[in-house]
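Quick notes on the structure that follows.
Values in this text are rule-based calculations from the coordinates and carry no lab data. The model shown is predicted, which means the values in this text are computed figures rather than measured ones. Virtual Cβ from ideal backbone geometry, glycine too; neighbours counted across all protein chains shown.
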């Protein structure tokens, strides 16, 4: 019995390390998109938001800021 407990520990540590790396990897993939880039979100002026959005690739977890 004692041998089985010690053999499982390295596997548990490897699994924990893998899960942590996976979580950190997802965080590093998050992109912050500023609406209309330097102009920002505005009703003033001639901003074509459809043109702006057509140049972006959004993914789950991305952030859209104004």
If the chain between residue 38 and residue 64 were fully stretched, how many nm would it gain, using 0.36 nm times the residue separation less the Cα-Cα distance? 8.0 nm
Could you tell me the relative contact order of region 21-66? Use alpha-carbon pairs under 8 Å, at least six residues apart, and round to a whole percent. 55
Cα shape, region 21-66, gyration tensor, a/c 1.5 rule: prolate
Along the Cα→Cβ direction, 7 angstrom out, place labels at residue 21 and residue 54. What is the inter-label distance in nm? 4.2
What order do you get for 52, 41 when you list them from fewest to most C-beta neighbours inside 10 Å? 41, 52
